[in-house]
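The values are calculated or read from the model by the stated rules, or taken from the named source; none is laboratory data. These numbers were taken from a predicted model, which means no experiment stands behind them. Don't worry about glycine lacking a Cβ; one is built from the backbone with ideal geometry, like all the others, and counts go over all protein chains shown. Just so you know, the surface numbers come from the protein's heavy atoms only, side chains and all, with ligands and any DNA or RNA stripped out. Shrake-Rupley method; radii C 1.70, N 1.55, O 1.52, S 1.80 Å.
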Amino acid sequence: MNRTFKIFLIAVAFTGKAFSQHNQTVDKTSQEVTDEPEKSPIKSLSLSEYNAYKHGKGMGLAKPAELNSYPGPMHVLDLEKELKLSALQKTHLTAAIEAMKFKALEMAGFILAEEKKINELFASGKANEGSIIYYTNKIGLYQAELRNAHLQAHLKARRILSPDQIKKYNRIRGYSN
């Protein structure tokens, strides 16, 4: 593998890890109270990070969409009365959420599995450069797919809403005057 490609793959992996570490400050709703033990089952992840993955939370991954008038479908449904959503809009938003959730949970499962493998490599003393590159690159790709799923849901929500509903959504959420 040439040097430039290796550097690229490492950068992708670090980007993915940065997203997972960033979630604690971005999306407080991902810090759901559960009946799980106080420690994460995966040592390198905090309990809130682990739970966010396990439950398909957004973790701020769609923040560029949210802040630029591409509403989050779950937030839109939470505001259904204020936005006067039609039954058809609710149906389409629910479908967008279900598609996003399915993909998010699938990718999160892969991410958690690879994080566990990295922990096991270090715990067993078997970690080496090649194995770490391999697993971190896999995590980076899964992180990209996870983020894509959340961003795609915001694209769908924008197409479902009227311009007036989007303006009202932005006002309610504090994104405009």
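Please work out which one of (1) farther than 12 Å from L155 by Cβ; (2) among the aliphatic types (A, V, I, L, M); (3) surrounded by fewer than 20 Cβ atoms within 10 Å (Cβ to Cβ) is the condition V76 fails and give its number.
Unmet for V76, out of (1) farther than 12 Å from L155 by Cβ; (2) among the aliphatic types (A, V, I, L, M); (3) surrounded by fewer than 20 Cβ atoms within 10 Å (Cβ to Cβ): (3).
Count, please, the residues in region 98-108 that happen to be surrounded by fewer than 20 Cβ atoms within 10 Å (Cβ to Cβ) and either without any contact (Cβ under 8 Å) to a residue 12 or more places away in the chain or closer than 16 Å to L77 by Cβ (or both). Walk me through it before giving the result.
Initial filter on region 98-108 (surrounded by fewer than 20 Cβ atoms within 10 Å (Cβ to Cβ)): 98-99, 101-103, 105-106.
Remaining after also requiring either without any contact (Cβ under 8 Å) to a residue 12 or more places away in the chain or closer than 16 Å to L77 by Cβ (or both): 98-99, 101-102, 106.
Of the residues in region 98-108, 5 are surrounded by fewer than 20 Cβ atoms within 10 Å (Cβ to Cβ) and either without any contact (Cβ under 8 Å) to a residue 12 or more places away in the chain or closer than 16 Å to L77 by Cβ (or both).
Could you please tell me which pairs satisfy a Cβ distance under 8 Å, a separation of 6+ or placement on different chains, a first residue in region 62-81 that is at positive phi, and a second residue that is of a type in the set (F, W, Y) and surrounded by 13 or more Cβ atoms within 10 Å (Cβ to Cβ)?
S69/Y175
Tell me which residues, restricted to region 114-143, are of a type outside the set (V, I, T), in contact with a Leu (Cβ under 8 Å, 6 or more places away or on another chain) and assigned to a helix (DSSP H, G or I).
Matches in region 114-143: E115, S131, Y135, N137, G140.
Please go through region 42-61 and pick out each residue that is without any contact (Cβ under 8 Å) to a residue 60 or more places away in the chain and open to solvent by 70 Å² or more (accessible area, probe 1.4 Å).
Result: K54, single match.
If the requirement is being of a type in the set (K, R), within 12 Å of the chain's Cα centre (by Cα) and over 22 Å from L47 (Cβ atoms), which of these qualifies: K138, K103?
From the options K138, K103, the qualifying one is K103.
Being at pLDDT below 90 and in contact with an Asp or Glu (Cβ under 9 Å, 6 or more places away or on another chain): is that true of N2 here? Steps first, please.
Working: at pLDDT below 90: yes; in contact with an Asp or Glu (Cβ under 9 Å, 6 or more places away or on another chain): no.
No: the conditions fail for N2.
Yes or no, residue by residue, for (1) modelled with pLDDT of 95 or more; (2) hydroxyl-bearing (S, T, Y); (3) farther than 22 Å from L151 by Cβ; (4) not in a helix (DSSP H, G or I):
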| residue | (1), (2), (3), (4) |
| --- | --- |
| P37 | no, no, yes, yes |
| K43 | no, no, yes, yes |
| K57 | no, no, no, yes |
| G60 | no, no, no, yes |
| E82 | yes, no, yes, no |
| L93 | yes, no, no, no |
| K103 | yes, no, no, no |
| L112 | yes, no, no, no |
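Considering only region 133-177, how many residues are open to solvent by 60 Å² or more (accessible area, probe 1.4 Å), touching a helix residue (DSSP H, G or I) at 6+ places or on another chain (Cβ under 6 Å) and within 24 Å of E114 (Cβ to Cβ)?
Looking only at that region, the number is 1.
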